[in-house]
Amino acid sequence: MVCKLVYSVKQHTKRAFCSKRFWIAVFITAILTILDYLPIFLMGINTVNNVTYYAYDILNTILFSGQSIFLGVTFITAVLPYAGSYCEDESNNMIIPMIKRSTPAGYAAGVVIACALSSYFCVFFSQLLASCFFGIFVPFDNGMPDEQYLLFREGKKHLFYFLNISLYSLRGTFFGIFSLAISTIVKNRYVIYASPFILYYFLMRFGYTVLDIPSYLNIRGVYFGFVFGNEKELLSVAYSFAFTICIMCLAGKWISFWLRRNV
């Protein structure tokens, strides 16, 4: 049983990361991330005596971004690598042969883990590429203090940077898993890939006002900031990882149940 599970996870993960779609998604997400950061970057440009100065560094650019339409599009590109794999396997009549090599639970675990990892690293690598691009023009840290965050005050700015892009990457993982889960019911790929944007719009328009979801249970609180406050960045990101793992387990249970019932 364990060997079949490991085999399934290995095969799905290899399929996800060796696909051209994954690297194309990374490249597209990096471009969209640069376009999202660009207005903040341009606002910080000042020219004095024909000398150009940049008010923001890479850390500031990341912190003040996320206000444009490009942010919403990155939700979609993050799910491209593997969220549609279930529909592809179903349309190619590959579900039953793959289940026979493992089990319904093994297939579900493999596809969920591969989707989670590919979505996570799609965003993570794109954030690194965007940072490298802006690093041509501005330093990583220009030395300006920021008393708002504990890690800034402690001088742990590289750790703070990686916590932030990890949080963005977990956001991509959440949307990837959500799209994968609904692909068992919805068979239109365009709807599947657009579902993160639809979910985000619904939550922003209705979820946080009408439903009044607590911050530690809604995606805005968990993935769009430090859920326990700017004094507890490490704890907040650890909680976001744990929250994402719970979502993965629920999605795996749902896909396994769906396979046992319908395949």
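The values are calculated or read from the model by the stated rules, or taken from the named source; none is laboratory data. All values derive from a computational prediction rather than experimental measurement. Backbone-built Cβ (ideal geometry, glycine too); neighbour counts: all protein chains shown. Calculation scope for accessible area: heavy atoms of the full protein, side chains included, ligands and nucleic acids excluded. Shrake-Rupley method; radii C 1.70, N 1.55, O 1.52, S 1.80 Å.
Things to note:
- Scanning the stretch 153-169 for residues that are surrounded by fewer than 21 Cβ atoms within 10 Å (Cβ to Cβ) and either acidic (Asp, Glu) or not in a loop (DSSP other than H, G, I, E, B) (or both) yields Arg153, Glu154, Lys157, His158, Leu159, Tyr161, Phe162, Leu163, Asn164, Ile165, Ser166.
- Tyr120 under 18 Å from Tyr223 (Cβ atoms) and either modelled with pLDDT under 80 or in a helix (DSSP H, G or I) (or both): yes
- Every residue from the stretch 234-263 that is in contact with a helix residue (DSSP H, G or I) (Cβ under 6 Å, 6 or more places away or on another chain) and modelled with pLDDT of 90 or more: Val237, Ser240, Phe243, Thr244, Ile247, Met248, Ala251, Gly252, Trp254, Ile255, Ser256
- Residues that are touching a helix residue (DSSP H, G or I) at 6+ places or on another chain (Cβ under 8 Å) and at pLDDT 85 or above, drawn from the stretch 69-88: Thr77, Ala78, Val79, Leu80, Pro81, Tyr82, Ala83, Gly84, Ser85, Tyr86, Cys87
- Of all residues in the stretch 4-36 being farther than 19 Å from Ser85 by Cα and out of contact with any Gly (no Cβ under 9 Å at 6 or more places or on another chain), the one that is most open to solvent (accessible area, probe 1.4 Å): Phe27
- Residue count for the stretch 170-188, restricted to those that are part of a loop (DSSP other than H, G, I, E, B) and surrounded by 17 or more Cβ atoms within 10 Å (Cβ to Cβ): 2
- Residue under evaluation Tyr54, criteria (1) closer than 19 Å to Phe178 by Cβ; (2) surrounded by fewer than 19 Cβ atoms within 10 Å (Cβ to Cβ); (3) hydroxyl-bearing (Ser, Thr, Tyr), criterion not met: (1)
- Identity of the residue in the stretch 236-261, more than 19 Å from the chain's Cα centre (by Cα) and free of Cβ contacts under 8 Å to residues at least 60 places away in the same chain, that ends up farthest from Leu163 (Cα to Cα): Arg261
- Within the stretch 216-263, considering residues that are closer than 13 Å to Leu170 by Cα and in a loop (DSSP other than H, G, I, E, B), the one most open to solvent (accessible area, probe 1.4 Å): Phe224
- The residue pairs whose first member lies in the stretch 7-20 and is charged (D, E, K, R) and assigned to a helix (DSSP H, G or I), whose second member is modelled with pLDDT under 90 and open to solvent by 30 Å² or more (accessible area, probe 1.4 Å), and whose beta carbons are closer than 8 Å, counting only pairs six or more residues apart or on different chains, do not exist in this structure.
- Flag for Ile213 being free of Cβ contacts under 8 Å to residues at least 12 places away in the same chain and under 19 Å from Tyr239 (Cβ atoms): yes
- Scanning the stretch 218-234 for residues that are farther than 12 Å from Leu167 by Cβ and small (Gly, Ala, Ser) yields one hit, Gly229.
- Residues of the stretch 91-149 that turn out to be under 30 Å from Val9 (Cα atoms), touching a Lys or Arg at 6+ places or on another chain (Cβ under 9 Å) and open to solvent by 70 Å² or more (accessible area, probe 1.4 Å), as a count: 2
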